[in-house]
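Quick notes on the structure that follows.
The values are calculated or read from the model by the stated rules, or taken from the named source; none is laboratory data. From a predicted model like this one, the values you see are computed outputs, not experimental measurements. Positions of Cβ are generated from backbone atoms using ideal geometry, with glycine treated the same way; all protein chains shown enter the neighbour counts. Ligands, DNA and RNA are excluded from the accessible area calculation, which covers all protein heavy atoms including side chains. Shrake-Rupley method; radii C 1.70, N 1.55, O 1.52, S 1.80 Å.
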Amino acid sequence: MVKHRYAFFAKIKGTEVQLNIPEASEQTLFGTAFFVDKAGNMISNSHVLQPWISPENIDKINTDASNIRRKIASILTTDISEDGYETFIASNWGNASSEYYDEGHEGNYDDSESNEGEEFVNSNDSTVDSAASSEDIAASIPQKDYVPEDQIEVYMKTVDISVALHNSAEEFLPCTIEKVSEDQSVDLGVLRLTSKQTPNTVVNIINLSNAVTDDQTLRPGEKAVMIGYPLGEDLAQTISGIKVQLYNGQISKESDGTKIQYNVTSTHGASGSPIFNNCGQLIAVNFSGVENVQGYNFGIIAKKIYSVYPAEVGVERVQE
């Protein structure tokens, strides 16, 4: 079971900080991954490993990042030290505005109504002296310089990612994201234990050389079995530790060369689950379903794994 915590970060003049503001609260996503070798490599979905680049999220996240960047530029002054960025931004966020004009912040107000009904004032009037005096006072107030928006970068990234093994006592093992597919239609990626060694307790390493790579042989009506963690911790946690779940179904539509459809029960958390045929061969990696509707789920066909997994067997398959 994959547990992925991620959040918005800002890089300001080369210094990176995690943002602790209402629009950028830390998020946690659960998914599934499966071991494919003894070196700690696992296959999962790219949207589990990098949820911020998934098609359904990317536009909103880019918009949010742009708004956050403007708001930071509206409050962060150049006299704030690098080690004080995170605290200053969090403390002053209530004063931030996305209506940012220029790095000097001059004219950042609307005075269009200030001249309405204004009467002509004789130059000898005492109010002129008063106005001049106010201008002198304003001029004497030191003007702060703000960090230019082009020196601020806002993005999402991983805080930490880890996996809990079947039958473990909620012990999460730290991981690194090795690779994600550059093809958005191939929702796959490689996750690896930081130890770079698959634990001896893992007795079922999926044999990719035995996977069904000829997806045209997969026919509607044939058995499809999913093993994974739908709903993440909500269903996985038991009094005897973390437990994986198994669901049976059937292939319901022929492969289109990238994905295949089946009617296996699935929901959030099962992303990245392996799908097997009745012989125990890997046929697909679960990645999508229709929201709030069961029976319409999809998996990336097994042969596409070799586009992200750099193992020797993968290279051989691609060359074939």
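For the reader, a short list of remarks on this structure follows.
- Long pairs among Lys3/Lys179; Lys3/Lys303; Lys60/Lys304; Lys13/Lys71; Lys3/Lys196, criterion Cα-Cα beyond 23 Å: Lys3/Lys303; Lys60/Lys304
- Other-chain or far-sequence residues with amide H under 5 Å of Phe287's (modelled H): Gly272, Phe298, Gly299, Ile300
- Accessible surface for Lys223 stands near 90 Å², nearest 10, in the context of the full protein assembly shown (1.4 Å probe).
- Extension gain, Glu23 back to Asp160 (0.36 nm per residue minus Cα-Cα distance, nm): 47.4 nm
- Ranked by solvent-accessible area (1.4 Å probe, protein heavy atoms only, all chains present), the residues His268, His166 order from largest to smallest as His268, His166.
- Unit charges on C-beta of K, R, D, E only; dipole of the stretch 174-268, Debye: 340
- P(r) histogram, all alpha-carbon pairs of the stretch 131-266 included - 5 Å bins from 0, percent: 2, 7, 9, 13, 15, 12, 11, 6, 3, 3, 3, 3, 3, 3, 3, 3, 1, 0
- Relative contact order computed over the stretch 184-269 (Cα-Cα under 8 Å; 6+ residues apart), in percent: 28
- C-alpha center-to-center spacing [the stretch 1-40, the stretch 160-215] in angstrom: 17
- Relative contact order, percent, the stretch 1-58 [alpha-carbon distance under 8 Å, six or more residues apart]: 29
- Estimated FRET transfer efficiency when R0 is 41 angstrom, pair Glu222-Asn167 (beta carbons, to 0.05): 0.85
- For the stretch 162-218, a/c is not less than 1.5, where a ≥ b ≥ c are the root eigenvalues of the C-alpha gyration tensor, and a/b does not top b/c. That puts it in the oblate class.
- What the phi angles of the stretch 79-92 give under the Karplus curve with 6.51, -1.76 and 1.60, with θ = phi - 60°, is a coupling list of 7, 7, 6, 4, 6, x, 4, 4, 5, 4, 4, 5, 6, 10 Hz, glycine and proline written as x.
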